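Attaching a single structure in structure tokens format; questions to follow.
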Amino acid sequence: VAAEGRIEVREARNPELSLVFGRDHPGRAVIPFDLTLGADHTMIIISGPNAGGKSVTMKAVGLMAAMVAWGLPIPVAEGSRFDLFEGVFLDIGDEQSMSDDLSTYTSHLRNMSEILAGADRDGLVLIDEAGTGTDPEAGGATAQAILEALHARHVRTVVTTHYGSLKLFAHDTPGVLNASMTFDQEKLVPTYQFAVGVPGSSYAREIAARSGIPQGIIRRSMELVDSGQANAEALIQDLMQRNGELQEALDAAEQTRSALQQREKTLQDRLDTLQDERDRIRSEALASADRIMRDANRAVEKTI
């Protein structure tokens, strides 16, 4: 723990979800994630499917920030780092109110106003579903402008979104990192795995199919989607698939490397044993030769 605004957690788990599973679902395990923030990049934009774990991952960061502030141990692997932040600023959910004449988008904007007024590089900002609640184009543009302002101040920020414009912003902006929650395209279910460096697709068509929407309606919805957006979603899905294949190849290479290291260790152990045996035999041979020489000298002297 330090005060430099850095988070480097390994095998982190959402604290609340860990408690809920331990109490109500003892057979289920929380999927861990690795996350870094504050050194090479100060902002992470998480995308991916609905109910895929974006908000759970982001909330885990916020909960752990509060736990560290209160001196509580956090559910991470040894060797992790979580610095102390002077404030945690949130825009999660909304405070829609008929009596106060607050729409969903207005409540988000009020939260954003407070975040922009109070957050600096010593604070941590968490924004869930950035830009939602209004026209997607206008909402995405406003969200990007807010994120640009936070990034210019080096505010540590974690954002979840479905907006392609924010994914492109992360891709094009140094110090901003794309991340995603992966999706099993064969089984049509989220994996809850956190992937760094690649944006995620919303998988709206696949999730709709899993939810029982007729195929005819799904096909028509794809016809109505702007072709550019459809191509971008297809590209993201292809990148995610390739990233998964690359990860499998890396895992296989790591297994091969581990096996070679083990074989190298075994051969080295055998070589060390042979060298020890050679030294022992040489030492015994020299000792035996010395004895023979001494015995021979004594015999010669006795004969003389």
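The values are calculated or read from the model by the stated rules, or taken from the named source; none is laboratory data. Everything quoted here is computed from the prediction, not taken from an experiment. Positions of Cβ are generated from backbone atoms using ideal geometry, with glycine treated the same way; all protein chains shown enter the neighbour counts. The accessibility values were calculated without ligands, DNA or RNA, using every heavy atom of the protein model including side chains. Shrake-Rupley method; radii C 1.70, N 1.55, O 1.52, S 1.80 Å.
List every residue pair whose Cβ atoms lie under 6 Å apart, where the two residues are 6 or more positions apart in sequence or sit on different chains, the first residue falls within the range 159-172 and is among the aromatic types (Phe, Trp, Tyr), and the second residue, located anywhere, is in a helix (DSSP H, G or I) and open to solvent by 10 Å² or more (accessible area, probe 1.4 Å).
Phe169/Gln144
Hey, could you check the range 176-198 for residues that are outside any strand (DSSP E or B), in contact (Cβ under 8 Å) with a residue 12 or more places away in the chain and more than 14 Å from Gln247 (Cα to Cα) and say which is least open to solvent (accessible area, probe 1.4 Å)? It would help to see each step written out before you state the result.
Filtering the range 176-198 down to residues outside any strand (DSSP E or B) leaves 185-188, 197-198.
When the remaining residues are screened for being in contact (Cβ under 8 Å) with a residue 12 or more places away in the chain, the result is 185, 188, 197-198.
If we keep only those that are more than 14 Å from Gln247 (Cα to Cα) too, we end up with 185, 188.
Details: Gln185: 70, Leu188: 49 Å².
Checking each candidate, the answer is Leu188.
For the structure I just gave you, tell me whether Asp238 is of a type in the set (Asp, Glu), modelled with pLDDT of 80 or more and more than 21 Å from Glu137 (Cα to Cα).
No: the conditions fail for Asp238.
Would you check if Arg81 is out of contact with any helix residue (DSSP H, G or I) (no Cβ under 7 Å at 6 or more places or on another chain), open to solvent by 10 Å² or more (accessible area, probe 1.4 Å) and free of Cβ contacts under 8 Å to residues at least 40 places away in the same chain?
Working: out of contact with any helix residue (DSSP H, G or I) (no Cβ under 7 Å at 6 or more places or on another chain): yes; open to solvent by 10 Å² or more (accessible area, probe 1.4 Å): yes; free of Cβ contacts under 8 Å to residues at least 40 places away in the same chain: no.
Answer is no for this residue.
Continuing with the same structure: I'd like to check something: does the range 102-122 contain any residue that is among the hydrophobic types (A, V, I, L, M, F, W, C), within 28 Å of Glu248 (Cα to Cα) and either open to solvent by 50 Å² or more (accessible area, probe 1.4 Å) or over 19 Å from the mean Cα position of the chain (by Cα) (or both)? First the steps, then the outcome.
Pass one, the range 102-122, residues among the hydrophobic types (A, V, I, L, M, F, W, C): 102, 109, 112, 115-117, 119.
Subsequent filtering for residues that are within 28 Å of Glu248 (Cα to Cα) retains none.
So far as the range 102-122 goes, no, none of its residues is among the hydrophobic types (A, V, I, L, M, F, W, C), within 28 Å of Glu248 (Cα to Cα) and either open to solvent by 50 Å² or more (accessible area, probe 1.4 Å) or over 19 Å from the mean Cα position of the chain (by Cα) (or both).
For the list (1) in contact with a His (Cβ under 9 Å, 6 or more places away or on another chain); (2) modelled with pLDDT of 85 or more, I need the number of the one condition that Met112 fails.
Of everything listed in (1) in contact with a His (Cβ under 9 Å, 6 or more places away or on another chain); (2) modelled with pLDDT of 85 or more, Met112 misses just condition (1).
Please give the number of the condition Met43 fails out of (1) closer than 28 Å to Glu148 by Cβ; (2) out of contact with any Gly (no Cβ under 8 Å at 6 or more places or on another chain); (3) hydrophobic (A, V, I, L, M, F, W, C).
Only one criterion in (1) closer than 28 Å to Glu148 by Cβ; (2) out of contact with any Gly (no Cβ under 8 Å at 6 or more places or on another chain); (3) hydrophobic (A, V, I, L, M, F, W, C) is unmet by Met43, namely (2).
Take the range 119-137 and flag every residue that is farther than 14 Å from Thr104 by Cβ, of a type in the set (Gly, Ala, Ser) and out of contact with any Asp or Glu (no Cβ under 8 Å at 6 or more places or on another chain).
Scanning the range 119-137 gives a single hit, Ala119.
Out of Val56, Val68, Val76, report the one residue that is open to solvent by less than 80 Å² (accessible area, probe 1.4 Å), under 26 Å from Val198 (Cα atoms), at pLDDT 95 or above and of a type in the set (Val, Ile, Thr).
Working: Val56 fails: at pLDDT 95 or above; Val68 fails: under 26 Å from Val198 (Cα atoms).
The match here is Val76.
For the range 18-52, name all the residues that are under 28 Å from Arg205 (Cα atoms) and at pLDDT 90 or above.
Val30, Ile31, Pro32, Phe33, Ile44, Ile45, Ile46, Ser47
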